[in-house]
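Please treat every number below as a calculation from the coordinates, not as lab data. Nothing here was measured: the structure is a model prediction, and the numbers come from that model. Positions of Cβ are backbone-derived with ideal geometry, glycine not excepted, and every protein chain shown enters the neighbour counts.
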Amino acid sequence: MRKRRLTIICLALILSAPLLWGGCATPRPATAEMSRADAAIERARESGAVAHAPLDLRIAEEKLQRANAETRDGNIEKARALAVEAELDARVAEEKTRAEMASQNAKRMQESLTELRRQIEQR
């Protein structure tokens with residue numbers, strides 16, 4: 001009876017050890033998320049977002065700054081969430097820039113076609 005009880009206690013300790021270790025683990029740093037956000041912001045800048053989507057770009061930059069501050073304060077999960085948001089905001093800025101540039105190109109093409117038609121009609 002005593003041996004069986006000891007076996008049950010040992011088995012319970014062995015099975016619960018991973019749960020106890022997991023509870024003591026600190027969250028991993030948000031370095032991957034921060035790197036992706038930083039890269040997305042750089043891509044947005046390079047695409048011309050400073051001129052075409054400045055508000056979205058600024059929001060992304062501010063969220064990345066807040067993520068860095070949260071990391072320094074030890075709020076890893078908050079930092080991770082802010083970094084993901086910053087990446088998404090930077091992507092929005094980049095896509096808005098592309099859309100604006102495409103719209104400008106379409107407008108220029110339309111103006112060129114209109115001018116060509118005018119020239120053809122004059123002949």
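At a glance:
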| item | result |
| --- | --- |
| Rg to Rh quotient for region 31-122, alpha carbon positions, Kirkwood Rh | 1.32 |
| Bins of 5 Å from zero: percent of alpha-carbon pairs in region 64-113 | 5, 21, 15, 12, 10, 8, 9, 6, 6, 4, 3, 1 |
| Separation in nanometres of the label points that stand 7 Å from Cα toward Cβ, at Gln110 and Glu42 | 3.7 nm |
| Region 31-122, dipole about Cα centre (Lys/Arg Cβ +1, Asp/Glu Cβ -1), debye to the nearest 20 | 220 debye |
| Nitroxide proxy distance, nm - points 7 Å out along Cα→Cβ at Arg98 and Arg58 | 2.5 nm |
| Segment Glu121-Asn75, length gained on full extension (0.36 nm per residue, minus Cα span) | 9.7 nm |
